[in-house]
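The values are calculated or read from the model by the stated rules, or taken from the named source; none is laboratory data. Here the structure is a predicted model, which is why all the values come from computation and not from measurement. Here Cβ is always computed from backbone atoms with ideal geometry, including for glycine, and neighbour counts include all displayed protein chains.
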Amino acid sequence: MIDAQDKPTSERAEKRLFIKTYGCQMNVYDSERMADVLRPLGYAPTDTPEDADFVILNTCHIREKAAEKVYSELGKLRMLKDEKASDGRGAMTIAVAGCVAQAEGEEIMRRQPAVDLVVGPQAYHQLPELLTRTARARGERIGADFAPNAKFDALAGEKIGARGVKGPTAFLTVQEGCDKFCTFCVVPYTRGAEWSRPAADILSEARELAARGVREVTLLGQNVNAYDGAGPDGAVWTLARLAYGLAEIEGLDRIRYTTSHPNDMGDDLIAAHAELDALMPYLHLPVQSGSDRLLRLMNRKHGRQKYFDLIDRVRAARPDMALSGDFIVGFPGETDRDFEDTLDLVRRVNYASAFSFIYSPRPGTPAATMGAQVEPHVASERLQALQTLLFEQQVAFNQSQAGKVLPVLFERKGRHGRQAIGRSPYLQSVYVEDADHLMGRIVPVRIERGQQNSLTGALVEESHSSFKPQASESMTPLRPQAASDRVASVRAR
Ligand code: SAH
Ligand code: SF4
Ligand code: F3S
């Protein structure tokens, strides 16, 4: 049954779909769901736009560079479309989806006539209908009204069938939108107000994923820890409550979530990190700046001390918690002193990994018109200094894993021999030789070395393993365990 969905018959697979995804994990999830919506129409995925009948660019508006990339990609697609039409290879439909579509749909249509339709992040469930209409007349633009509930209802509809699954990990959107209005950010405008999916829908999507071999879900939301969906018991469920519910699903051994806002980090979620084995000890908790003055100008609604206190509480609940963050340098008015405060915060927190960006003024956001924009060369120097420090911390964190035995979920094959690549609980990539028979399983690995961006390790012989085999693992029907397997299968942690 599952094969039938993964591999459409040749009759159904006559049309090819190419989706290029920019931006955050939620766009990755949305792209997968667009493919799900289009599968019943006979669209099968392809890796190149050259042989595609339908091309979708799922776009990101967060920084200027991200948005500009879309226009240069569209220029290339236009040439391809013209070539295909002139040498008789048939028509190619081009759609722009995602946050640029939402923010500047009309401009896209004006700047690039090769685009057939524009669809915002809350409207892509209407793609089949839009495609039919576009065949008659170009230029449909859908998206301005935010109605995530209608979208998710349609996505759960029986017509669509099961979700496509690629390997043992999957994203699962639980919350969308943002009410925080940080002064630099476009997300509240491109994704709309905060909205949480009902818990029952999320649990059923997670059950379906687990039945198809998914061992780890990453719950997604622009402010995922603000999740407050309707529970099946009639109560409002928090993210912590949802995590407890998900942890009960057979075969689902790892739960992650991203992105969290410091102000929404509830006590019950912190407590869940102490109690729930399935909740991975990795927390992405952006702070943006270490300067109280800038945090105020950014409208982050908390100061640095509150962030430190929060980190202390999280680490008290889960001492091995790996922390990650996002930082912006060069926000309007940022002085050397403000930037020093950011470096100081980073030194105090000690991150396992982090993302840092030069501030990019976004049209329509309050910060774009603030005075005292920082000189580009100053912003670049600050970014370099910050990234050097963050990189040192990341390398030190990776090196500190050497000698430990970590449960690794194997996700994909390596480039040579029988090498396999998996993830540690702390989201590090782990390279292991002679492990390609362990795809989709969580297995103890002795870490030998920590490098800049990954770990290398070796499988632990069963007799030497301190991990207990878990009955549920060997019973998972999609992943039969070979009798010759030498290693114990384990639950995370
Ligand atoms: N909801 C998340 C972040 C979403 S955007 C949160 O509140 O943390 C992801 C990251 O992009 C942000 O954390 C921020 O660091 C960065 N970002 C957002 N707008 C930006 C801008 N105008 N310029 C540079 N970086 C930006
Ligand atoms: Fe953007 Fe701030 Fe909302 Fe995050 S919390 S999505 S940075 S407005
Ligand atoms: Fe980009 Fe939209 Fe995500 S702006 S970061 S794709 S929410």
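Some observations on this one:
- Checked against (1) in contact (Cβ under 8 Å) with a residue 24 or more places away in the chain; (2) buried (at least 18 other Cβ atoms within 10 Å of the Cβ), Ala420 passes all but condition (1).
- Output for region 199-218, where each listed residue is basic (Lys, Arg) and at pLDDT below 95: Arg212
- Check on Gly221, outside the structural domain of Gln25 (by TED's automatic domain parsing) and either within 14 Å of ligand 1 (Cβ to nearest atom) or within 17 Å of the chain's Cα centre (by Cα) (or both): yes
- Sub-6 Å Cβ pairs linking a first residue in region 37-64 that is under 30 Å from Val187 (Cβ atoms) and within 16 Å of ligand 3 (Cβ to nearest atom) to a second residue that is among the aliphatic types (A, V, I, L, M) and in a loop (DSSP other than H, G, I, E, B), at least 6 apart or interchain, are His61/Val186, ordered by first then second residue.
- Options Tyr189, Tyr244; residue that is within 16 Å of ligand 3 (Cβ to nearest atom) and part of a helix (DSSP H, G or I): Tyr189
- Within the span defined as region 247-259, every residue fails to be within 21 Å of Gln25 (Cα to Cα), in a helix (DSSP H, G or I) and not aliphatic (A, V, I, L, M).
- Under the condition of being out of contact with any Pro (no Cβ under 7 Å at 6 or more places or on another chain) and assigned to a loop (DSSP other than H, G, I, E, B), the residues counted in region 412-438 number 12.
- Scanning region 378-400 for residues that are surrounded by fewer than 18 Cβ atoms within 10 Å (Cβ to Cβ) and of a type outside the set (A, V, I, L, M) yields a count of 9.
- Residue within region 383-397 that is within 23 Å of Cys182 (Cβ to Cβ) and within 16 Å of ligand 3 (Cβ to nearest atom) present: no
- Residue within region 219-234 that is at pLDDT below 95 and either of a type in the set (Lys, Arg) or within 14 Å of ligand 3 (Cβ to nearest atom) (or both) present: no
- Qualifying positions in region 316-350 - touching a strand residue (DSSP E or B) at 6+ places or on another chain (Cβ under 7 Å) and among the hydroxyl-bearing types (Ser, Thr, Tyr): Ser324, Thr342
- Of the residues making up region 136-155, those that are modelled with pLDDT under 65 and among the aliphatic types (A, V, I, L, M) are Ala137, Ile142, Ala144.
- Residues that are of a type in the set (S, T, N, Q) and either more than 24 Å from Val187 (Cα to Cα) or not in a loop (DSSP other than H, G, I, E, B) (or both) within region 224-241 comprise just one, Asn225.
- From the list Ala35, Ala66, the one residue that fits, being within 16 Å of ligand 2 (Cβ to nearest atom) and within 18 Å of Val118 (Cα to Cα), is Ala66.
- Being at pLDDT below 95 and outside the structural domain of Arg423 (by TED's automatic domain parsing) is a property that does not hold for Gln393.
- Selection of region 260-272 for residues being away from ligand 2 (no atom under 16 Å from the Cβ) and either buried (at least 19 other Cβ atoms within 10 Å of the Cβ) or of a type in the set (S, T, N, Q) (or both) yields Leu269, Ile270, Ala272.
- No other residue among Ser353, Ser400, Ser380, Ser424 is in contact with a helix residue (DSSP H, G or I) (Cβ under 7 Å, 6 or more places away or on another chain) and either within 16 Å of ligand 3 (Cβ to nearest atom) or closer than 27 Å to Tyr307 by Cα (or both) apart from Ser353.
- Flag for Ala67 being of a type in the set (Gly, Ala, Ser) and either under 28 Å from the mean Cα position of the chain (by Cα) or within 20 Å of Val187 (Cα to Cα) (or both): yes
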